[in-house]
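Each reported figure results from applying straightforward, stated rules to the coordinates on display, with no laboratory input. Fair warning: this is a prediction, and the values are worked out from it, not measured in the lab. Cβ placement follows ideal geometry from the backbone for every residue including glycine, while neighbour counts extend to all protein chains displayed.
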């Protein structure tokens, strides 16, 4: 038994998250890192199948709220980047440039591989929007972006090519733009917490850490098992900065010409996938919430090689369940124990066992991946039982993750308390002077002394500071949260 288990996966995630993560990416067939361009990896079928479901979750929520899909070119002329000064300063160091066309002929103008699409989309928006009747304009695209932003790449968590959805909206007034940002946060809650069971806090980022060109940035941070936060979806109030730069304006009812108010929202699907597998996985391997598992049910026929009726029944069950669920049958010649370990490592939520004795009883055995709990189910009740088990499993994963997450958000009233909390992998609530640019020196102290970052202030709570900033001693103006990050 021990040797069978070791063949598949057997690393304690809580003791060695880095080793666990690297091993599961390889063993579960999530990505192949051997592609010969540094920072670029091949996403394998098992991860892509799950990410396709995640795309579908977000796209449905966006379209339900009036967003329309589009696809814009991946190449952006350099002149587009130069239109909005703050934006170009923020992204220019990260851009990959195309400088030649086929045959080695130099291009008249460099073309950037999109690091994000404001400068591609808003050039078109200025042509599409003419009147107040054209607003609101709500468009999203599901695509890849490229950024040369880090030396320490890690598959899904941080690479130079990642997969996301970006929604870009234009409104007639600031109030409608701010309502859109709240809607983006609600979409994040529905998809990330309710569907995927990943807990997070939405922060308004400090002014020195906002999206380049935005008035305000709001971002969802989850906490990984190694105590570092990972930024997941972010949404931004762009104000009129890009509208004025790109001439995105409209004629109002009174005949006057006005600039639009803009927002953008970016759920990074490949990074969200990293959060899901990291937070729910265990020392046996992956654990998927039922709705986003690449395969939701694995059928393990017992002694099918000597009992053709078992094989026939397994095929019948696959056909019966495939109309509602994603199902795989394991007819390999491995021993049952090896199959159990393998599919546990792959994170399939429900294992269905069927053998000769089960045929006689007209029943099957269902085993939950998260708890290992077995249930004996009559064949006639199978579909409803799988559906209920799937719901219960996802809800259980969410509750466990929430309990763990909430226990790791703590308050610190001294530097000593903060250092201790950060060393224990926690998000720390502190009194801080300000989130405006004048407080950037305190933020630099946080990085220099603690190796952490000021994440911002919570969006869901009105928290009043008391006392002094822990770093400069001035009267605290905000309750801020500090954590180490990827």
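Observations on the model:
- The label point for residue 388 and the one for residue 141, both projected 7 Å from the Cα toward the Cβ, are 4.7 nm apart.
- Angle in degrees between helix 17-27 and the longest Cα principal axis of the chain, rounded to the nearest 10: 60
- Computed from Cα atoms, the angle from the helix 382-407 axis to the main principal axis of the chain rounds to 50 degrees.
- Projected label distance in nm at residue 134 and residue 447, using a 7 Å step from Cα toward the beta-carbon: 4.0
- Of the two radii for the chain, the radius of gyration is 1.02 times the Kirkwood radius, both from the alpha carbons; that is the Rg over Rh value.
- Mean separation of Cα pairs under 8 Å and 6 or more residues apart, divided by the residue count, gives the chain a relative contact order of 14 percent.
- Cα-based shape type of region 409-485, given that a ≥ b ≥ c are square roots of the gyration tensor eigenvalues and the cut on a/c is 1.5: rounded
- The largest-to-smallest principal axis extents of the Cα set in region 11-108 are 53, 41, 31 Å.
- Under 20 Å from a label point set 7 Å out along the Cα-to-Cβ vector of residue 256, the amide N atoms of region 108-146 belong to 130-136.
- Between residue 92 and residue 406, the simple label model (points 7 Å from Cα in the Cβ direction) yields a spacing of 4.8 nm.
- Pairs of Cα atoms in region 209-362 fall into 5 Å distance bins, from 0 up to the last occupied one, in shares of 2, 8, 12, 12, 11, 9, 7, 7, 7, 7, 6, 5, 4, 3, 2, 1, 0 percent.
- Residue exposure sequence - 190, 157, 76 - by fewest surrounding Cβ within 10 Å: 190, 157, 76
- Note that region 2-280 carries a Kirkwood radius of 20.2 Å, evaluated over its alpha carbons pair by pair.
- Helix 269-280 vs. the chain, principal-axis angle (Cα, 0 to 90°, nearest 10): 50
- Here the gap between residue 106 and residue 44, fully extended at 0.36 nm per residue and compared with their Cα-Cα distance, gives a gain of 18.8 nm.
- Most to least packed among 97-107, 352-362 [average Cβ atoms within 10 Å]: 352-362, 97-107
- The alpha-carbon atoms of region 295-391, seen along their principal axes, cover 35, 29, 23 angstrom, with the largest extent given first.
- Sum of -39500 (n - 2.57) over DSSP H runs of 4+, divided by residues of the chain (222 nm, nearest 500): -11000 deg cm²/dmol
- Prolate/oblate/rounded label for region 53-132 (Cα gyration tensor, a/c 1.5): prolate
- All C-alpha to C-alpha distances of region 349-486, sorted into 5 Å bins beginning at zero, yield P(r) values of 2, 9, 15, 14, 10, 6, 5, 6, 6, 7, 6, 5, 3, 2, 1, 0 percent in whole numbers.
- Sorted largest first, extent of region 116-200 alpha carbons per principal axis (Å): 46, 31, 18
- Using R0 = 25 Å, the C-beta based FRET efficiency linking residue 464 and residue 178 works out to 0.65.
- Cα shape, region 171-226, gyration tensor, a/c 1.5 rule: oblate
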